[in-house]
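Please read the structure below before turning to the comments.
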Amino acid sequence: MKKTAIYQRKRPDSPRWLNKWIQSLPWFFGFVLAVFGCLVIFVVNATTGRIHPGNAWGLGYGIGATVALVAVLLYTVRRRTMKLRPPGRAWTYLQVHVYGGGIFLLLMLMHTGFRIPSGIHTWWLWLISLWVVGSGVLGIVIQKWIPTVLSAGLAVEVHYDRVPELIEHIRTRSEKIVASADERLREFYESRVAPSLVAPEPRLMYFIDITGGIHARIKPFEYLRALLPASDQESLDELKELFNTKLEIDAHYTLQRVLRTWLILHVPISMVLVVLLFIHIFSVLYY
Amino acid sequence: MESGSTTDHSVTMIKRKKLFEDRWSSFGSHAGLTGLSEMLSPAELREIDIFKEYDDSFLQTISPDVSIAQWKADVVLFEEGSFLDLAFYVLDGEVGVAIKMHEESLNAIPTFDAQRTVYASDPRSFQVPQEGVAATILQTRMTARETSKDPQITFLASMDFNLPLGSTIVLKKGDLFGEIGALNGWPQSATAHTTSACKLVQIRVPALREMKKASGAFKEKIDQIYRERTLFEQLKTSPVFRGSGDAFLESLTEKVELLSFSPGDVITKQGDRVDALYMVRSGFLKIFERLGEADVAVNYLSKGMTIGEVELLLPDIDTWLSSTTSVGYSELVRIERDTFHDIIREHPLVEKRLWDSAVAQMKESGFTRKNLDKSELIEFSLQKGLVQGNSILVIDLDVCTRCDDCVRGCADTHGGRPRFVREGDTFDHFLIARSCYHCDDPVCLVGCPTGAIGRAGVGEVVAIDDGLCIGCGTCATKCPYDAIVMHDTGDTWGDDALPERLRGRPQKVASKCDLCYTSDDGPACVNNCPHSCAFRIGSIQDFQSLLSTEKAEA
Ligand code: SF4
């Protein structure tokens with residue numbers, strides 16, 4: 001009962017972008033140091049001996065890359081074994097995952113002497129390693145970029161899984177509002193609003209400007225305002241508010257879907273990488 | 001106390017049976033209570049001394065909250081630490097009141113020490129806060145714990161009875177008890193049991209409040225009881241008066257005035273003549289100033305804090321610099337201006353503390369005046385109840401990837417049922433998740449018929465014992481922040497269920513965040529967030545300093 005609830009505090013003296021991209025300076029400098037160390041070793045290797053995956057240097061790089069990959073995988077293992085209350089914070093595992101992934105790639109490239117391997121199996125291994133690390137980097141970019149866009153540009157916060165339920169709720173409320181409203185408001189609702197209240201509508205537009213599309217789409221409410229009697233102004237406001245919320249939900253849906261789906265590019269192929277690596281190690285040891 | 005679907009039914013039933021033999025339950029038939037009146041008419045009520053002075057229409061209004069209960073001899077009415085939303089008035093018979101608090105529980109480390117809830121990049125760097133609300137709360141708690149080391153006297157910040165450990169007093173016809181805890185939302189500090197067959201009038205809090213408001217004599221009576229049973233100990237442990245000597249404090253209890261306020265009541269008005277120093281006994285006050293055309297919240301006060309020292313200490317100031325209103329129901333101690341000056345003349349230590357407090361208040365108000373965001377935060381915190389919280393789950397939406405590992409981690413730690421929802425109000429780019437705030441005065445504890453929800457120890461986390469929960473939903477309805485969720489277990493109550501009316505009905509269970517207090521790793525939500533953007537704040541000062549850090553980013 002003594003642990004503190006920790007927040008990775010932002011450094012007040014650092015620019016916002018730096019805080020965003022590098023949560024922890026010690027981890028970052030540790031990574032830079034490790035990369036530098038690896039490169040120094042490689043230069044020593046290149047100047048004093050031969051660069052070959054099969055010699056002591058090359059095998060050393062290969063073993064290092066494997067160890068790094070195992071460390072990287074611990075994050076996945078931790079996520080899947082939360083019930084067992086694994087030791088340490090998930091954040092630490094993620095640091096190992098991200099920086100370890102970079103080290104893995106570097107050691108793998110050193111193992112192949114920064115050349116494309118000629119064997120079919122090793123060629124695939126090499127390519128998949130690049131893909132996995134590349135998709136990981138893409139994931140980092142997505143995970144840094146999208147939350148900022150969502151929190152800065154939208155007023156509502158939405159739980160992805162509840163999107164259909166929320167839209168249904170908006171539709172029911174909107175229908176209640178227009179049921180007793182002026183004919184023109186009802187027509188407007190039927191033609192301009194109701195079609196959007198059926199399901200979430202992802203749009204590419206939200207990637208370019210999270211708010212721009214929304215403002216343009218609620219403008220017609222203002223054109224209608226002049227045509228409505230005073231008694232229906234409040235209904236119009238309410239309907240406009242609901243529609244605005246729906247559009248914000250769409251924006252959330254569009255971007256949060258990317259936050260979830262990029263993993264398809266990363267996770268299954270990582271599993272293939274592990275299998276291929278295992279086969280590679282086995283074949284090296286066997287033959 | 002691990003929740004989940006693994007509750008052992010036989011153990012549950014044994015526990016529940018024992019509980020029902022022991023204590024009063026609003027669910028009716030059990031061993032101790034032999035009769036409960038129907039709604040009483042004004043005429044019937046007026047036959048009882050305590051209601052004599054009220055007119056018919058008033059009695060008609062409060063009658064739904066009043067009942068007469070008949071009790072067997074030797075049954076426990078309530079226990080130390082329990083939260084009640086009613087007071088008892090003895091009509092007939094005798095009630096014994098005793099304090100038998102265990103030493104260990106007094107010395108227990110409160111879960112809400114700041115170390116547990118403060119955010120910091122390095123937990124080892126934690127420092128006990130020296131200023132602000134956090135400091136006051138902490139100091140009050142520390143003092144309470146220090147005082148409790150005295151082997152003879154047990155002490156809790158909320159005392160109904162100031163008794164030596166192990167002794168019993170007997171209450172007879174015409175005595176009122178339980179009202180201090182009920183009115184202030186404090187736990188009862190003593191155990192009450194009937195020593196003979198008893199007839200008791202049970203008055204719920206809404207009726208008590210109305211009665212206090214409507215009758216000066218009743219208010220005077222309640223205040224007198226409070227002075228005798230509680231005030232001395234409260235002053236003794238207040239940040240301003242602690243260590244000031246018993247004789248002085250005893251005389252002070254006679255001089256102060258006790259005041260009660262309803263939501264929105266004005267306590268001080270900017271520009272009016274300063275009449276007194278006010279100290280908060282319970283509830284929250286909002287302090288605001290007129291800036292241009294608008295009223296701007298500059299600060300708030302909670303239990304143990306004072307207002308008026310700035311105006312009373314600074315020469316040449318004769319009027320209130322700010323206005324103060326009561327946020328919800330609040331109870332205050334009023335120390336009249338002349339008494340205040342007598343005190344600081346004779347007690348330099350008290351004067352020094354008041355100066356410290358005045359300087360801190362001026363700094364805080366000055367800061368808010370210049371940083372209107374803070375005013376917004378104060379308004380938001382008072383409105384949303386954050387000021388009550390000891391451990392509020394906050395998510396930085398600028399970083400959160402909506403992966404839900406926090407929720408999954410919570411569910412995996414609690415038998416598959418998450419104890420919070422990743423939804424709620426937002427302030428700036430922070431989401432205040434719908435999770436228990438672990439309030440100072442948890443209203444959810446009031447009214448649980450089986451005592452399933454309670455503090456795990458003195459000053460500790462509020463948790464629900466699944467084995468005792470009958471799924472009535474009282475706690476969930478009471479929680480103002482929707483932090484308690486009722487889960488359907490998928491089962492129905494068996495033939496041996498107690499109370500009997502549950503039998504054959506769908507079995508529900510209440511669940512809420514327990515801060516994973518049985519685990520050494522701290523709250524699972526925080527621990528399992530891979531981006532370190534889910535964290536817990538212990539006070540709005542934490543939140544404020546967090547926001548300032550963000551603003552200060554180069
Ligand atoms: S675990 Fe962290 S990043 Fe994931 S949803 Fe929860 S708060 Fe957001």
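The values are calculated or read from the model by the stated rules, or taken from the named source; none is laboratory data. Computed from a predicted structure; not experimentally measured. Positions of Cβ are backbone-derived with ideal geometry, glycine not excepted, and every protein chain shown enters the neighbour counts. Note: accessible area is taken over every heavy atom of the protein model, side chains too, but ligands, DNA and RNA are not part of it. Shrake-Rupley method; radii C 1.70, N 1.55, O 1.52, S 1.80 Å.
Which of the residues belonging to region B:31-71 are assigned to a strand (DSSP E or B) and among the polar types (S, T, N, Q)?
Answer for region B:31-71, where residues must be assigned to a strand (DSSP E or B) and among the polar types (S, T, N, Q): B:34, B:67, B:70.
One residue is enough: does region B:56-70 have a residue meeting the conditions open to solvent by 20 Å² or more (accessible area, probe 1.4 Å), of a type outside the set (S, T, N, Q) and touching a Phe, Trp or Tyr at 6+ places or on another chain (Cβ under 7 Å)?
No; the residues of region B:56-70 include none that is open to solvent by 20 Å² or more (accessible area, probe 1.4 Å), of a type outside the set (S, T, N, Q) and touching a Phe, Trp or Tyr at 6+ places or on another chain (Cβ under 7 Å).
Using the structure shown, decide if residue A:73 is at pLDDT 95 or above, of a type in the set (A, V, I, L, M) and within 16 Å of the ligand (Cβ to nearest atom).
Details: at pLDDT 95 or above: yes; of a type in the set (A, V, I, L, M): yes; within 16 Å of the ligand (Cβ to nearest atom): no.
Against the criterion (at pLDDT 95 or above, of a type in the set (A, V, I, L, M) and within 16 Å of the ligand (Cβ to nearest atom)), residue A:73 does not qualify.
Restricting to region A:195-206, what's the tally of residues that are open to solvent by 20 Å² or more (accessible area, probe 1.4 Å) and more than 24 Å from residue A:152 (Cβ to Cβ)?
The total comes to 3.
I'd like to check which strands (runs of 3 or more DSSP E) are fully inside region B:328-444 and have at least 1 residues that are within 16 Å of the ligand (Cβ to nearest atom).
Numbers: elements: B:330-336, B:392-396, B:421-427, B:430-434.
Fully inside region B:328-444 and qualifying: B:392-396, B:421-427, B:430-434.
Going through region B:231-280 one residue at a time, which ones are open to solvent by less than 60 Å² (accessible area, probe 1.4 Å), more than 20 Å from residue B:301 (Cα to Cα) and in a loop (DSSP other than H, G, I, E, B)?
Across region B:231-280, the qualifying residues are B:244, B:245.
Does residue A:90 meet the test of being under 30 Å from residue B:519 (Cα atoms), small (Gly, Ala, Ser) and without any contact (Cβ under 8 Å) to a residue 24 or more places away in the chain?
Taking the combined requirement at face value, the residue satisfies it.
Residue B:537 passes all but one of (1) surrounded by fewer than 20 Cβ atoms within 10 Å (Cβ to Cβ); (2) within 16 Å of the ligand (Cβ to nearest atom); which number fails?
(1)
With respect to the numbered conditions (1) open to solvent by less than 20 Å² (accessible area, probe 1.4 Å); (2) away from the ligand (no atom under 16 Å from the Cβ), which one is the sole condition not fulfilled by residue B:545?
Evaluating residue B:545 over (1) open to solvent by less than 20 Å² (accessible area, probe 1.4 Å); (2) away from the ligand (no atom under 16 Å from the Cβ) leaves (1) as the failure.
Filter region B:528-554 down to the residues that are under 26 Å from the mean Cα position of the chain (by Cα) and charged (D, E, K, R), then identify the one that is farthest from the other protein chains (Cβ to nearest Cβ).
B:542
Would you mind finding the one in A:102, A:88, A:30 that is out of contact with any Ser or Thr (no Cβ under 8 Å at 6 or more places or on another chain) and open to solvent by less than 30 Å² (accessible area, probe 1.4 Å)?
A:102
Which of the residues spanning region B:256-275 are at negative phi and under 26 Å from the mean Cα position of the chain (by Cα)?
Within region B:256-275, B:256, B:257, B:258, B:259, B:260, B:261, B:262, B:263, B:265, B:266, B:267, B:268 qualify.
Could you pull out every one of the helices (runs of 4 or more DSSP H) wholly within region A:157-274 that has 2 or more residues that are of a type in the set (Ser, Thr, Tyr)?
Correct list: A:163-179.
Tell me yes or no: at least one residue of region A:56-65 is away from chain B (no Cβ under 14 Å), of a type in the set (Phe, Trp, Tyr), more than 29 Å from the chain's Cα centre (by Cα) and part of a helix (DSSP H, G or I).
Yes - at least one qualifying residue is present in region A:56-65.
Give the number of residues within region B:478-527 that are at pLDDT 90 or above, more than 26 Å from the chain's Cα centre (by Cα) and within 9 Å of another protein chain (Cβ to nearest Cβ).
Matching residues across region B:478-527 total 1.
Check whether at least one residue in region B:472-489 is within 16 Å of the ligand (Cβ to nearest atom) and either under 24 Å from residue A:85 (Cα atoms) or crowded, with 16+ Cβ neighbours inside 10 Å (or both), and report yes or no. Write out each step before concluding.
So in region B:472-489, the residues within 16 Å of the ligand (Cβ to nearest atom) come out as none.
There is no residue in region B:472-489 that is within 16 Å of the ligand (Cβ to nearest atom) and either under 24 Å from residue A:85 (Cα atoms) or crowded, with 16+ Cβ neighbours inside 10 Å (or both).
What number of residues within region B:490-522 satisfy the criterion of being among the basic types (Lys, Arg), open to solvent by 20 Å² or more (accessible area, probe 1.4 Å) and under 30 Å from residue B:424 (Cβ atoms)?
1
Can you tell which of B:426, B:401 is touching a Leu at 6+ places or on another chain (Cβ under 8 Å), farther than 30 Å from residue A:76 by Cβ and within 9 Å of chain A (Cβ to nearest Cβ)?
B:426 is the lone residue from the list that is touching a Leu at 6+ places or on another chain (Cβ under 8 Å), farther than 30 Å from residue A:76 by Cβ and within 9 Å of chain A (Cβ to nearest Cβ).
If you take the residues in region A:115-156 that are free of Cβ contacts under 8 Å to residues at least 12 places away in the same chain, in a helix (DSSP H, G or I) and farther than 29 Å from residue B:433 by Cα, which one is farthest from the chain's Cα centre (by Cα)?
A:120
In region A:249-261, what residues are open to solvent by 20 Å² or more (accessible area, probe 1.4 Å) and touching a helix residue (DSSP H, G or I) at 6+ places or on another chain (Cβ under 8 Å)?
A:253, A:257, A:258, A:260
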